[in-house]
1. Suppose the filter is in a loop (DSSP other than H, G, I, E, B) and at pLDDT 75 or above; does ASN95 pass it?
2. For region 237-313, give me every one of the helices (runs of 4 or more DSSP H) that falls completely inside it and has 1 or more residues that are hydrophobic (A, V, I, L, M, F, W, C) and either touching a Leu at 6+ places or on another chain (Cβ under 8 Å) or modelled with pLDDT of 95 or more (or both).
3. Conditions first: (1) more than 28 Å from ALA284 (Cα to Cα); (2) without any contact (Cβ under 8 Å) to a residue 24 or more places away in the chain. CYS173 passes all but one, so which condition is the exception?
4. Name the one entry in PHE207, PHE213, PHE127 that is touching a residue at least 60 places away in the same chain (Cβ under 8 Å) and in a loop (DSSP other than H, G, I, E, B).
5. Anything in region 114-153 that is closer than 19 Å to ILE204 by Cβ, over 24 Å from the mean Cα position of the chain (by Cα) and hydrophobic (A, V, I, L, M, F, W, C)? List them, or say none.
6. When region 116-149 is examined, which residues are found to be of a type in the set (A, V, I, L, M, F, W, C) and over 24 Å from MET227 (Cα atoms)?
7. Considering only region 130-158, how many residues are part of a helix (DSSP H, G or I) and either assigned by TED's automatic domain parsing to the domain that holds ALA223 or within 20 Å of PRO199 (Cβ to Cβ) (or both)?
8. Could we say that MET227 is loosely packed, with under 13 Cβ neighbours inside 10 Å and under 25 Å from ILE278 (Cα atoms) here?
Amino acid sequence: MITKENKRPKNKKKQLGEMKIGELCKLSGLSRSTIYRYIRKGVLPSPKMEGFRSIYFTGEHLRRLKQIKFLRKEEKVNLSEIDNFFPARGLDDKNDVISSTPHNDDSELKRLQIINSAARLFSEQGFQNTRISDITDALGIGKGTFYLYFKDKRELFLECIERLTLIIIPEECWEKIRCEHDPIQRIGKRFKAFLNAFPNFIGIFSFVKASLFSDDESLVKKAKNVMRLLNAPVIKDINWAIKHGIFRDVDGEIYAFFFLGMMEMFGYRMVLDPKYTIDDGVKAGIDLISRLLLKQGDISNQKKYALRKRAME
């Protein structure tokens, strides 16, 4: 017999935002097999488990699935590269569907706090000058807690490098970029997000570039992958505009790396003094893209450029 007392836990779960796999599939628009594949891959947290049969997903799972869908559909990121956007989670190899160990949201939150705090300190002080005690003191935790999540400072630094792609283009900017259909304005929004975040990642970004010449092969591999991932969205925007006859037929990869370097140098210019603003840099970037890439012989494109330039004045 079902009593009111028996119903309370169910209502409580709804209040906590917990859901079964069927509801998660409906809200995310993904199949069960796809969701479980992401769990096995390690890009999606394992679900919460109560007892032997009760499995629940949370709003964190739904949010992560939406992020993955955006990266896959809009940014054309391969599943094999998704690992570089999110910290991997350990899975239980004894179960080929999901981990038999409950996912601890507090544990994952603590791990991300350590990564974010370390990224800031690495950026400000450099890798060699940042001690583990600096990281633990900043968070008010003991070294023992640190070693529950990372075996050493180097492993943590590699995690920080992998998260650089998320730091440079924060999640809150994704929707604005996705909804922008003008390729020049879309790249401009990427520039703005890059410059807004520049003070927070300037140091670690320098380390990523330096790591390209390291003797540590694993560090070189991660650094190369991060540089490719940083430029991939702009490459995609340029190639789309070329395909639709808006831009000249150029090598999109060369120009994407060129534009990233240009924005980086302008970021350094802003550090010198407050003479120039982020909007000044974005405006100059858009102007340069228009002059370099638009088909200037096409009257319609020239008119678009003229209107765009007048709107910025």
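1. Values: in a loop (DSSP other than H, G, I, E, B): yes; at pLDDT 75 or above: no.
When the stated conditions are applied, ASN95 does not pass them.
2. Of the helices (runs of 4 or more DSSP H) lying wholly inside region 237-313, those with at least 1 residues that are hydrophobic (A, V, I, L, M, F, W, C) and either touching a Leu at 6+ places or on another chain (Cβ under 8 Å) or modelled with pLDDT of 95 or more (or both) span 252-272, 278-293.
3. (1)
4. When all the criteria are applied, what remains is PHE127.
5. Once the filter is applied, which keeps residues that are closer than 19 Å to ILE204 by Cβ, over 24 Å from the mean Cα position of the chain (by Cα) and hydrophobic (A, V, I, L, M, F, W, C), region 114-153 yields only ILE132.
6. ILE132, ILE135, ALA138, LEU139, ILE141, PHE146, LEU148
7. Residues meeting the conditions: 4.
8. No; evaluated as a whole, the condition is false for this residue.
The values are calculated or read from the model by the stated rules, or taken from the named source; none is laboratory data. Note that the coordinates shown come from a computational prediction; the quantities given were computed from them, not determined experimentally. Here Cβ is always computed from backbone atoms with ideal geometry, including for glycine, and neighbour counts include all displayed protein chains.
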